[in-house]
1. Once the piece of chain linking ARG208 and VAL118 is laid out straight, how much longer is it, given 0.36 nm per residue of separation minus the C-alpha distance between them?
2. Percent relative contact order of the range 130-242, based on C-alpha pairs within less than 8 angstrom and at least six residues apart?
3. Given labels modelled 7 Å from the Cα in the Cβ direction, how far is it in nm from LEU109 to ALA197?
4. How high is the FRET efficiency between PHE17 and VAL238 when r is their beta carbon distance and R₀ equals 30 Å, given to the nearest 0.05?
5. Can you give the FRET efficiency for LEU97 and ILE68, using 1/(1 + (r/R0)^6), R0 = 45 Å, r = Cβ-Cβ distance, to the nearest 0.05?
6. Can you list the residues, at least 5 places off or on another chain, whose amide H is less than 5 Å from the amide H of THR42, using H built in the peptide plane?
7. Given a Förster distance of 25 angstrom, what is the FRET efficiency for LEU35 paired with ALA58, based on the Cβ-Cβ distance and rounded to 0.05?
8. Would you list the membrane-span-like helices of the chain, meaning whole DSSP H runs whose alpha-carbon atoms span at least 30 Å along their axis and whose mean Kyte-Doolittle value is at least 0.5?
Amino acid sequence: MSRALAEAWRGRTLYLFVLPFAALTILFGVWPIVLSVEVSLTQSATALRAEPTYVGLANYARVLADPIFAASLTRTLFYAAMAVVLNLAFALAMATLLDSSLIGRGNYLIRLAIFLPVVTPDVAGYVVWRWLFDRSFGAVNAGLAHLGAPGFAGLSSPDTAMIAILIAELWHHAGFYMIIFLANLAIRDRALEEAAAIDGATPWQRFRFVILPQLRPALIINIVYATIQFLKTFTVVVVMTRGGPNDATNFVSYYAYQLFDQGRYGEATAMATILFAVVIVLSLGAYLLSARGDWR
């Protein structure tokens, strides 16, 4: 009996510790989502009233028939795919380099330099990047002119605005993914690499068939988190482009914000709910694809 009581008390203790976090998650996470879905089913003019007028899926039908939304969703998916690949490729390359013996005393300084942008306030960082890309006085074009290279249109051209945002986002986020890769590299089994080297494996073969499979936990975490992060891209657009030029960076999150600012609450929350569903589906898909199969 005493053993059963001990087990019951141990379980109760666990729930006592989990309960506050579960309550906070429900209060500040799940409940706002439920309210947002409810607003998406109401008429915009009455959405914020005590007794709103419910219109069913009319807002969703209106949003799905909107060509601007279709274009912004396509643009968002393309941008997210590019950002995930570039950020994770750069982070993995830097983590592998910093984990090797090629860099000596400056190793920790480089780690700090790459990670510092992660803790830099978003708005402050993106304002600086907006200045850097300015065609009149920006440091980027000044440097290119000094080298005799053609200028970079940056944020002023629809053809280059997304590239400029990708660069700013790479600077801001890659350090986070790099730290996760470094943590996984630190706990890998180095004996496997030594055995592969003795067997005559090249450095690339050791990385591809020995190191990379051991990085699966870090890759899964980074792929899922990055997919969520870049599908919700918002702050960089507000600060640097405001969706322009010519809607070249008008992603779903910013378009929903524009509708909300116009008082079109039903359509805005319907759009946000669709984006939320896309984020969940693609993140789950990324997790399942990353977790399955043999990576060797």
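The values are calculated or read from the model by the stated rules, or taken from the named source; none is laboratory data. Predicted model, so just to flag it, every value in this text is computed and none were measured. As a convention, Cβ positions derive from the backbone with ideal geometry for all residues, glycine included, and neighbour counts pool all protein chains shown. In case anyone asks, the SASA skips ligands and DNA or RNA and just uses the protein heavy atoms, side chains included. Shrake-Rupley method; radii C 1.70, N 1.55, O 1.52, S 1.80 Å.
1. The ARG208-VAL118 span can extend by a further 29.6 nm.
2. 22 percent
3. 2.7 nm
4. Approximately 0.20, to the nearest 0.05.
5. 0.60
6. Here the answer is VAL55, since their amide H atoms fall under 5 Å of that of THR42.
7. Here the calculated transfer efficiency is 0.85.
8. 2-25, 67-99, 161-186, 265-291
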